[in-house]
Amino acid sequence: MAQAPRVLTYQGIPVWRHVVIIQWTLQIVSAVLVVALVAWFFSNIANAIQDRNIPYGFDFLSRQYQTPIGEHFIPYEPSDTFGYALFVAATNTAIVAVVGVALATALGIAVGVARLSSNWLVARIAGAYVEFFRNVPLLIQLLFWFYIVLSLPPTRNTHVLFGRAYINNAGVSIPWPLPTGGGDLYSGGLAALAPYLWLASAAIAVAAGFVVHRILTRREIETGRASYPIISGTAAAVLIGAVGWVALMIVNGDAPFAISTPAPQGAFGRIAGGFTVRAGLFVLLIGLVIYTAAFIAEIVRAGIQSVRKGQLEAARALGLSPIGVLRLVTFPQALRVIVPPLISQCLNLTKNSSLGGAIGYSELTSVTITMTQTAPAISLFILIMASYLAMSLAWSLAGNLYNWRIGFKGA
Amino acid sequence: MTTAPEETPASDDIIVFKDVHKWFGSFHVLRGITTSVRRGEKVVIMGPSGSGKSTFIRAVNRLEEHQRGQIFVDGVEMTNDVRHIDAIRRDVGMVFQSFNLFPHLSVINNITLAPIKVRKLPRREAEQAARALLERVGIPEQAEKYPAELSGGQQQRVAIARALAMQPNVMLFDEPTSALDPEMIREVLDVMRELARSGMTMMIVTHEIGFAREAADRVIFMDEGTIVEEGPPKEFFINPKEERTKLFLHQILTH
């Protein structure tokens with residue numbers, strides 16, 4: 001072989017044969033290509049927008065939206081800005097995402113475990129559930145639930161449950177604790193805080209209950225003596241909650257909150273009071289939860305089945321009960337397999353909530369579509385894509401942190 | 001600790017099989033097993049693969065359910081009664097070919113899991129006992145490690161400690177050294193020899209002839225779901241009566 005010229009060598013090897021140099025060169029060339037392609041794409045779009053006078057920009061965000069939003073969980077007035085209206089719509093989507101994921105996970109785990117049940121009927125019902133809801137398009141399912149809710153009686157002939165709750169084609173109304181206003185003791189800004197004081201005391205009571213439960217569980221494990229952690233924890237929470245209640249009642253001069261019972265009012269029998277889950281949200285949650293739970297059930301089943309049979313035999317041979325085996329041996333190992341695809345399903349549920357507009361729920365996508373009538377569509381869609389991306393990344397982050405925490409050591 | 005006081009007569013049978021049958025579908029695995037194991041006896045079970053020897057010892061703690069006949073362990077009959085099953089499983093320790101340690105738990109937690117959850121021992125007491133057992137099987141320094149960080153021989157010794165932690169009266173070994181590299185077989189057999197000397201009742205499925213000769217009180221030879229021949233190792237290995245036994249011994253001794 002001919003002697004390589006000295007200038008083009010690195011570590012005594014000609015650069016075109018040096019593995020590290022080859023790899024770096026390919027990396028740099030591909031990076032330059034990608035950047036050039038993306039730059040060309042966006043400059044093309046920017047030019048087209050300019051040439052055709054397509055409205056673009058983000059100035060509209062501080063303009064008044066001047067359009068009502070069907071449903072909102074934080075205060076909203078049509079005089080609020082576009083920016084704030086988008087935020088309100090995003091909270092609507094976030095609420096569906098969080099509540100939906102919690103319910104879908106619970107239902108999915110139950111169905112997944114049921115599919116593996118030794119009870120023939122239970123296993124078959126769970127199997128049929130999965131096969132049906134997994135294989136029918138989500139939009140069709142949402143519309144199906146929507147028409148079922150529509151076929152409920154109108155508000156003026158509402159169904160009454162237990163004399164206290166109402167179900168009709170506008171939604172479901174249930175009794176709900178509502179904070180009462182502050183007493184004379186409060187004035188100005190403090191009055192607004194009054195309702196939250198009870199929430200805070202309730203939170204303290206629940207936290208105390210958990211702490212007591214934890215301490216007693218540990219004591220039970222350390223000493224082997226029965227310490228009744230569940231009963232004692234509940235008792236502690238109830239007791240502290242009651243003390244907080246009485247204390248606030250004295251300060252407040254009134255019960256800190258009252259149960260507000262919904263009741264029909266006026267000529268059209270509109271339901272007032274209590275807490276109403278409006279039909280759109282109700283249908284969207286039912287549809288998303290039932291659909292997503294079918295996928296989660298399969299993930300849970302696969303996770304449980306991934307645990308080697310020998311693990312169950314060893315656990316049973318040690319005398320652990322069937323529930324003990326599931327809780328202490330099977331589930332901790334199955335979680336490693338379950339969590340990554342479960343995160344995908346959280347993302348799917350969050351993104352699928354964008355179908356909510358089809359059944360009249362004011363989530364991010366439907367509100368944005370309405371906004372395009374008075375604001376630049378391209379800007380709007382860039383914003384909501386970023387919003388969905390942010391929500392998805394939040395799920396991924398939470399899931400990955402959890403997955404990291406439950407990972408096996410030494411494996 | 002595991003040396004129970006000899007308050008029961010030596011003739012006391014701790015495990016009794018009466019005409020036990022088992023089918024896998026249409027395959028008749030156990031075809032009328034009748035035998036018994038005395039308290040403190042060490043029984044080695046040998047036989048060609050597929051002879052039903054694993055199924056035989058797995059029937060003792062109902063990892064395999066028998067379909068006909070009766071099994072008694074320490075006076076309790078193995079029936080469909082959950083209470084009987086639980087009582088027998090608490091009383092019988094088992095060691096598997098593939099160790100089956102719980103990969104999500106550290107060595108010490110593998111050993112203390114059942115004593116805490118099933119026997120309701122205080123954690124401190126369970127941990128003390130676990131450390132003593134790790135000392136006994138020769139790996140006290142591995143307590144905080146996870147199974148995947150140990151060698152096969154160490155894992156199997158932890159598995160033995162885990163089974164002993166429930167203070168069983170009977171130990172079952174299902175080919176405990178078959179998944180081990182040759183240099184690790186010895187360390188596991190040493191632990192089993194020590195256990196045998198301590199007076200534990202043991203049923204061992206194994207191909208380790210040296211171990212059987214030295215530690216067993218009796219060898220059971222199984223083929224096609226039946227007990228073909230049984231006897232003390234000296235007679236069994238030197239002077240087998242049945243043709244099938246002779247053929248088997250010839251095959252494993254001259255490979």
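The values are calculated or read from the model by the stated rules, or taken from the named source; none is laboratory data. All values reported here derive from a predicted model rather than from experimental measurement. In this analysis, Cβ positions are derived from the backbone assuming ideal geometry, glycine residues included, and neighbour counts consider all displayed protein chains.
For region B:67-87, a residue qualifies if it is assigned to a loop (DSSP other than H, G, I, E, B), under 18 Å from the mean Cα position of the chain (by Cα) and touching a residue at least 40 places away in the same chain (Cβ under 8 Å), and exactly one does: B:ASP74. The criterion of at least 1 residues that are within 14 Å of another protein chain (Cβ to nearest Cβ) and small (Gly, Ala, Ser) is met by the following helices (runs of 4 or more DSSP H) wholly inside region A:297-411: A:309-317, A:331-352.
Could you tell me whether any residue of region B:199-220 is over 16 Å from the mean Cα position of the chain (by Cα), closer than 16 Å to B:VAL95 by Cβ and part of a helix (DSSP H, G or I)? Within region B:199-220, not a single residue is over 16 Å from the mean Cα position of the chain (by Cα), closer than 16 Å to B:VAL95 by Cβ and part of a helix (DSSP H, G or I). Tell me, yes or no, whether region B:174-185 has at least one residue that is within 10 Å of chain A (Cβ to nearest Cβ) and out of contact with any strand residue (DSSP E or B) (no Cβ under 6 Å at 6 or more places or on another chain). No, every residue in region B:174-185 fails to be within 10 Å of chain A (Cβ to nearest Cβ) and out of contact with any strand residue (DSSP E or B) (no Cβ under 6 Å at 6 or more places or on another chain). Within region B:220-227, not a single residue is closer than 30 Å to B:LEU121 by Cβ and modelled with pLDDT under 95. Only one entry of A:ALA104, A:ALA165 meets the criterion of being among the aliphatic types (A, V, I, L, M) and modelled with pLDDT of 95 or more, and that entry is A:ALA104. Checked against the criterion of being under 22 Å from B:ARG89 (Cβ atoms) and assigned to a helix (DSSP H, G or I), the candidates B:GLN156, B:GLN167 yield just one match: B:GLN156. Within region A:151-168, being surrounded by 14 or more Cβ atoms within 10 Å (Cβ to Cβ) and part of a helix (DSSP H, G or I) holds for one residue alone: A:THR155.
Which count do you get for residues in region A:41-78 that are without any contact (Cβ under 8 Å) to a residue 12 or more places away in the chain and under 30 Å from A:PHE275 (Cβ atoms)? Here the count works out to 3. Determine, yes or no, whether A:ILE250 is of a type outside the set (Lys, Arg), free of Cβ contacts under 8 Å to residues at least 24 places away in the same chain and either within 14 Å of chain B (Cβ to nearest Cβ) or buried (at least 18 other Cβ atoms within 10 Å of the Cβ) (or both). No. Here is a check on your reading of the model: is A:TYR166 more than 26 Å from the chain's Cα centre (by Cα) and either under 22 Å from A:SER353 (Cα atoms) or touching a residue at least 12 places away in the same chain (Cβ under 8 Å) (or both)? Yes. Screening region B:143-168 for residues that are more than 16 Å from B:ALA179 (Cβ to Cβ), surrounded by 22 or more Cβ atoms within 10 Å (Cβ to Cβ) and not hydrophobic (A, V, I, L, M, F, W, C) and picking the one that is farthest from the other protein chains (Cβ to nearest Cβ) gives B:PRO168. Looking only at residues in region B:76-117 that are facing chain A (nearest Cβ under 7 Å) and in contact with a strand residue (DSSP E or B) (Cβ under 6 Å, 6 or more places away or on another chain), the one that is farthest from A:LYS309 (Cα to Cα) is B:MET94. Residues that are within 14 Å of chain A (Cβ to nearest Cβ), among the basic types (Lys, Arg) and touching a residue at least 12 places away in the same chain (Cβ under 8 Å) within region B:118-138 comprise just one, B:ARG119.
With respect to the conditions (1) in a helix (DSSP H, G or I); (2) without any contact (Cβ under 8 Å) to a residue 60 or more places away in the chain; (3) under 20 Å from the mean Cα position of the chain (by Cα), B:LYS234 lacks only one, and its number is (3).
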